[in-house]
1. Taking strands (runs of 3 or more DSSP E) that fall entirely within segment 5-54, which contain at least 3 residues that are among the β-branched types (V, I, T) and within 20 Å of the chain's Cα centre (by Cα)?
2. Sort out which residues of segment 346-372 are polar (S, T, N, Q) and within 13 Å of T304 (Cα to Cα), and write them in order of number.
3. Looking only at segment 35-92, how many residues end up being in contact with a strand residue (DSSP E or B) (Cβ under 7 Å, 6 or more places away or on another chain) and closer than 30 Å to H333 by Cα?
4. Kindly indicate which of F40, F20 is in contact with a Gly (Cβ under 8 Å, 6 or more places away or on another chain), closer than 22 Å to V293 by Cβ and either among the aromatic types (F, W, Y) or without any contact (Cβ under 8 Å) to a residue 60 or more places away in the chain (or both).
5. Give the residues of segment 342-376 that are among the hydrophobic types (A, V, I, L, M, F, W, C), assigned to a helix (DSSP H, G or I) and either surrounded by fewer than 18 Cβ atoms within 10 Å (Cβ to Cβ) or in contact with a Leu (Cβ under 7 Å, 6 or more places away or on another chain) (or both), sorted by residue number.
6. Residue under question is V110, and the condition is that it be aliphatic (A, V, I, L, M), surrounded by 14 or more Cβ atoms within 10 Å (Cβ to Cβ) and either more than 30 Å from Q70 (Cβ to Cβ) or touching a His at 6+ places or on another chain (Cβ under 7 Å) (or both); does it hold?
7. For segment 152-184, name all the residues that are under 22 Å from the mean Cα position of the chain (by Cα) and aromatic (F, W, Y).
8. Go over the candidates Y38, Y66, Y55 one by one and state the one that is crowded, with 19+ Cβ neighbours inside 10 Å, at pLDDT 95 or above and hydroxyl-bearing (S, T, Y).
Amino acid sequence: MANLDFYGGTTKRQFQATGFFRLEKTEERWFLVDPDGYPFITVGVNHADETNLKYDHNIEIWEKKYGSRQNWIQGLVHDLKDWGFNTIGWTADYISGDWGVALDWFGDPVDLGHSSGWAAQDYKLANMPYCVQIRVQEIEDWNGFPNYRDVYSPDFDKYCDYLARAVCHEHKDSKNLIGYFLVDIPGWIPHASGRFFQGMEHLKGQEFDDKLFDIATKYYDTITKYIRKYDPNHLILGDRYNGDKGIPEIVLQAMKPYVDVLSVQYFPASTDEAHEKMKNDLARWSELTGKPVLIADIGNWCATHMNPNRVSDLKSQGERGADYTRSIGKVLHEPWFIGWHWCAHLENKARGWGIKDPFDQPYQEFVDPVREFNRKVYDHI
């Protein structure tokens, strides 16, 4: 991987260096620019959690191969760079709960437990680009018991102040931090649990949209003013919207003045039609907001020995690798596209798929085409 700087940006051209990640829009496209001024496509991996190697079936591997969190992080960084990834994405992992054979965001509510994610010191040890989360509301689509806080309450304002100063203080001077995510797949469309923001129960049509716009505006205004107060150096990546479920355009309109990047989770089927739909959806949302797009979570799966129920149209790890290159290749050249974060690092019992198998071995038929694709990422921009 020649012509790359420390962060993984391409040295084939250079913009102004500010010492932090930032955005640049030229006549040709949006660019994420690294601290040294080089164009940077964020190619990340999500859900890297060492407890996935602490089950009964693999704890011995963790003890003999790593034996400490420090050694595990160093091993992870080596793997990511070897596979052509340059970013540590969202580190909380799905560790409990089940969505059945097919995940239906409009069906019965699911309740998927998640791990707590990394501490600031972990990112310092890793010493590579990363993103962190400020979880301002517990309203995820995967949360069976969401808590829709009153965004107009003085207590919400105080809570946002607390969250921002607690998190940003640890990261505000980091050259490796790309930016801050907010809520993972937030339920801006009325939640499957039946819960939603107070005062919305009997509203319909334009009244509903007007109220939702006002709530979303207050939500984004409150948390982002405190993030920028305590950390003026880094990007606000915003909510990690649920692209598969759809995003209310009224919420995107409310987000526009406050957030730097449109972050979207999208898990398309393995067909050309599904990849085209993903591209068209992302292009439409980018045009609506005027923001560059980060696919904050994307992945695929097939049945494995440990997780035979994780079925899809893909029948093998090799087919997963081919689908990786097709799905990302569909959007890589788009002028609004600044990167993607892949789901996920190591196969566990809950999520059921990964780049590595449950015994810490790479799925080589998947990894080989992924590595080749990732190493040529700057050939496409």
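1. 42-45
2. Residue satisfying the conditions is N348 alone.
3. 20
4. Residue meeting the stated conditions: F40.
5. Of everything in segment 342-376, nothing turns out to be among the hydrophobic types (A, V, I, L, M, F, W, C), assigned to a helix (DSSP H, G or I) and either surrounded by fewer than 18 Cβ atoms within 10 Å (Cβ to Cβ) or in contact with a Leu (Cβ under 7 Å, 6 or more places away or on another chain) (or both).
6. Yes.
7. Y180, F181
8. Unique residue meeting the criteria: Y38.
The values are calculated or read from the model by the stated rules, or taken from the named source; none is laboratory data. On a predicted model such as this, the values are computed, not experimentally measured, just so you know. With ideal geometry, Cβ positions are generated from the backbone for all residues, glycine too; neighbour counts draw on all protein chains shown.
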